[in-house]
Amino acid sequence: MIEQWRPSASIDTLKQRAAFIRKIRNFFEQRDVLEVDSPLLSNGTVTDVHLDAFSTQFLHDSSGKEKTLYLQTSPEFAMKRLLAAGSGPIFQICKAFRNEAAGRLHNPEFTMLEWYRPGFDEHQLMAELDQLLQTLLQTGSAIKLSYQQAFLEFLGIDPLVVSLDQLKSFIAKLSSDEWLQQETSRDTLLQWLFSCYVEPKLGKQGDDFTPCFVYDFPASQSALAKINLANPKVAHRFELYFKGMELANGFYELQDAEEQRVRFDSDNQIRAKNGQDTRPIDENFVAALEAGLPDCAGVALGVDRLFMLAAGKEKIETVISFNGSRA
């Protein structure tokens with residue numbers, strides 16, 4: 001029986017990981033991007049219906065009352081407050097927490113790299129992320145597909161116009177799972193199709209893979225991104241995939257505080273309808289948007305998954321000191 005006190009990764013792997021993270025820091029230092037540090041606990045949290053934050057009770061608040069605080073699912077809101085305060089380009093390597101099932105690619109506590117570039121749009125940021133990948137993994141140049149192109153190429157359907165009934169008819173040929181026919185959200189069904197039938201094929205050429213960016217996600221799936229004015233059905237959001245694995249999620253960032261609040265409120269309405277707990281809006285973040293977020297693009301990247309690829313490992317527990325069951 002494995003002794004639970006022992007690390008889930010070997011010491012040699014952890015030494016490789018330390019060198020890998022140094023390379024990340026060097027990449028941004030060479031580009032004069034400031035490393036920052038923000039709180040792991042916050043008063044508000046994400047309202048996204050697909051994310052659940054851990055919470056804890058603070059017993060010593062200055063109000064004299066017990067207060068709920070939330071572990072960050074990413075440092076995004078705090079980093080945007082720094083941008084609004086005039087930080088310029090910034091990056092952070094930190095712990096993030098998501099209350100989701102542990103598995104081969106997910107640990108409830110994980111390491112995230114997030115950075116923001118004032119003056120960049122999402123395509124310029126994709127180019128920089130591609131350079132980082134080439135530096136760390138010695139990959140070739142990434143390819144790019146729009147979300148619409150990916151669905152048309154791999155499934156033969158247009159995700160921007162397909163109706164809910166048409167989706168269910170299409171899915172019935174692929175799966176007999178009852179919940180899929182009972183689902184009332186187009187986005188949930190599209191996400192199921194994307195994860196099961198599109199993701200594994202992105203960038204695949206025979207037995208080889210090339211990093212692949214998917215961009216122009218549906219506006220309804222992009223709560224923190226600007227809407228594309230040329231095509232309001234899509235937003236300035238992208239994701240990065242390599243070897244069947246999602247690595248990064250980025251936006252050309254929404255700057256409109258009023259619109260952001262509307263989106264947060266809409267999320268909470270959906271959460272209530274689904275029987276989920278509603279979440280407190282991060283008012284400090286909204287106030288920062290009101291004060292003025294600079295025109296910028298930002299991206300969050302999973303360091304553990306990226307290092308898995310660099311080290312040739314198959315499970316996230318083998319690249320972190322202690323996985324959830326040993327923490």
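Identify all residues within the range 187-196 that are within 14 Å of residue 162 (Cβ to Cβ) and surrounded by fewer than 18 Cβ atoms within 10 Å (Cβ to Cβ); write none if there are none. Break it down into steps so the answer makes sense when it comes.
Filtering the range 187-196 for residues within 14 Å of residue 162 (Cβ to Cβ) gives 187-194.
Scanning the range 187-196 gives 187, 188, 191.
Does residue 295 satisfy the criteria of being surrounded by fewer than 16 Cβ atoms within 10 Å (Cβ to Cβ), at pLDDT 95 or above, over 30 Å from residue 208 (Cα atoms) and touching a helix residue (DSSP H, G or I) at 6+ places or on another chain (Cβ under 8 Å)? Step through it out loud before you land on a result.
Values: surrounded by fewer than 16 Cβ atoms within 10 Å (Cβ to Cβ): yes; at pLDDT 95 or above: yes; over 30 Å from residue 208 (Cα atoms): yes; touching a helix residue (DSSP H, G or I) at 6+ places or on another chain (Cβ under 8 Å): no.
No.
For residues that are of a type in the set (Ser, Thr, Tyr) and more than 25 Å from residue 304 (Cβ to Cβ), scanning just the range 133-170, find the one that is surrounded by the most Cβ atoms within 10 Å (Cβ to Cβ).
147
Could we say that residue 22 is touching a residue at least 24 places away in the same chain (Cβ under 8 Å) and of a type outside the set (S, T, N, Q) here? Let's see the steps before the verdict.
Details: touching a residue at least 24 places away in the same chain (Cβ under 8 Å): no; of a type outside the set (S, T, N, Q): yes.
No; evaluated as a whole, the condition is false for this residue.
Can you confirm whether the range 78-95 contains a residue that is more than 19 Å from the chain's Cα centre (by Cα), aromatic (Phe, Trp, Tyr) and over 23 Å from residue 290 (Cβ atoms)?
Looking for residues that are more than 19 Å from the chain's Cα centre (by Cα), aromatic (Phe, Trp, Tyr) and over 23 Å from residue 290 (Cβ atoms), one finds none in the range 78-95, hence no.
From 191, 181, which residue is under 17 Å from residue 215 (Cα atoms), outside any loop (DSSP other than H, G, I, E, B) and not aromatic (Phe, Trp, Tyr)? It would help to see each step written out before you state the result.
Working: 181 fails: under 17 Å from residue 215 (Cα atoms).
Matching residue, one of 191, 181: 191.
Conditions tested, residue by residue: (1) of a type outside the set (Asp, Glu); (2) within 29 Å of residue 46 (Cβ to Cβ); (3) part of a helix (DSSP H, G or I); (4) in contact with a helix residue (DSSP H, G or I) (Cβ under 8 Å, 6 or more places away or on another chain).
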site: 152; (1), (2), (3), (4): yes, no, yes, no
site: 157; (1), (2), (3), (4): yes, no, no, yes
site: 200; (1), (2), (3), (4): yes, yes, yes, no
site: 214; (1), (2), (3), (4): yes, yes, no, yes
site: 220; (1), (2), (3), (4): yes, yes, yes, yes
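How many of the residues making up the range 158-193 are within 27 Å of the chain's Cα centre (by Cα), aromatic (Phe, Trp, Tyr) and within 18 Å of residue 148 (Cβ to Cβ)?
Final tally of qualifying residues: 1.
Given the options 303, 286, name the one that is of a type outside the set (S, T, N, Q) and surrounded by 19 or more Cβ atoms within 10 Å (Cβ to Cβ). Write out each step before concluding.
Working: 286 fails: surrounded by 19 or more Cβ atoms within 10 Å (Cβ to Cβ).
After applying the criteria, what remains is 303.
Taking the criterion of being closer than 30 Å to residue 26 by Cβ and not basic (Lys, Arg), would at least one residue in the range 144-161 satisfy it?
no
Do you know which of the residues in the range 66-86 that are closer than 22 Å to residue 100 by Cα and out of contact with any helix residue (DSSP H, G or I) (no Cβ under 9 Å at 6 or more places or on another chain) is surrounded by the fewest Cβ atoms within 10 Å (Cβ to Cβ)? Lay out the reasoning, then the answer.
Residues of the range 66-86 that are closer than 22 Å to residue 100 by Cα, as a first pass: 68-77.
From the residues that got through so far, the ones that are out of contact with any helix residue (DSSP H, G or I) (no Cβ under 9 Å at 6 or more places or on another chain) too are 68-71, 73-75.
Values: 68: 12, 69: 18, 70: 20, 71: 20, 73: 22, 74: 19, 75: 26.
Selected residue: 68.
I'd like to know if the range 253-260 contains one or more residues that are surrounded by fewer than 19 Cβ atoms within 10 Å (Cβ to Cβ) and part of a loop (DSSP other than H, G, I, E, B).
Taking the range 253-260 as the starting set, the residues that turn out to be surrounded by fewer than 19 Cβ atoms within 10 Å (Cβ to Cβ) are 255-259.
Within this subset, residues satisfying the condition of being part of a loop (DSSP other than H, G, I, E, B) are 255-256.
Within the range 253-260 (the criterion being surrounded by fewer than 19 Cβ atoms within 10 Å (Cβ to Cβ) and part of a loop (DSSP other than H, G, I, E, B)), the answer is yes, since at least one residue qualifies.
Identify, please: which residue in the range 202-224 is without any contact (Cβ under 8 Å) to a residue 60 or more places away in the chain and touching a Phe, Trp or Tyr at 6+ places or on another chain (Cβ under 8 Å) and is, among those, surrounded by the fewest Cβ atoms within 10 Å (Cβ to Cβ)? Lay out the reasoning, then the answer.
Let us first name the residues in the range 202-224 that are without any contact (Cβ under 8 Å) to a residue 60 or more places away in the chain, namely 202, 204-209, 219-222.
If we keep only those that are touching a Phe, Trp or Tyr at 6+ places or on another chain (Cβ under 8 Å) as well, we get 202, 209, 222.
Details: 202: 26, 209: 18, 222: 22.
Out of the qualifying residues, it is 209.
Please work out which residue is nearest to the chain's Cα centre (by Cα), limiting yourself to the range 7-40 and to residues that are of a type in the set (Gly, Ala, Ser) and either surrounded by 11 or more Cβ atoms within 10 Å (Cβ to Cβ) or within 26 Å of residue 76 (Cβ to Cβ) (or both). Full working, then the answer.
Here is the first cut: in the range 7-40, the ones of a type in the set (Gly, Ala, Ser) are 8-10, 18-19, 38.
Right, trim to either surrounded by 11 or more Cβ atoms within 10 Å (Cβ to Cβ) or within 26 Å of residue 76 (Cβ to Cβ) (or both) and you get 8-10, 18, 38.
On the way: 8: 25, 9: 24, 10: 27, 18: 23, 38: 18 Å.
Among residues in the range 7-40 that are of a type in the set (Gly, Ala, Ser) and either surrounded by 11 or more Cβ atoms within 10 Å (Cβ to Cβ) or within 26 Å of residue 76 (Cβ to Cβ) (or both), the one nearest to the chain's Cα centre (by Cα) is 38.
Let me confirm something: among 38, 8, which residue is closer than 15 Å to residue 92 by Cα, in contact (Cβ under 8 Å) with a residue 40 or more places away in the chain and among the small types (Gly, Ala, Ser)?
Details: 8 fails: closer than 15 Å to residue 92 by Cα.
Exactly one residue qualifies, and that residue is 38.
The values are calculated or read from the model by the stated rules, or taken from the named source; none is laboratory data. In this text the structure is predicted, and so the values were computed from the model without any measurement. Don't worry about glycine lacking a Cβ; one is built from the backbone with ideal geometry, like all the others, and counts go over all protein chains shown.
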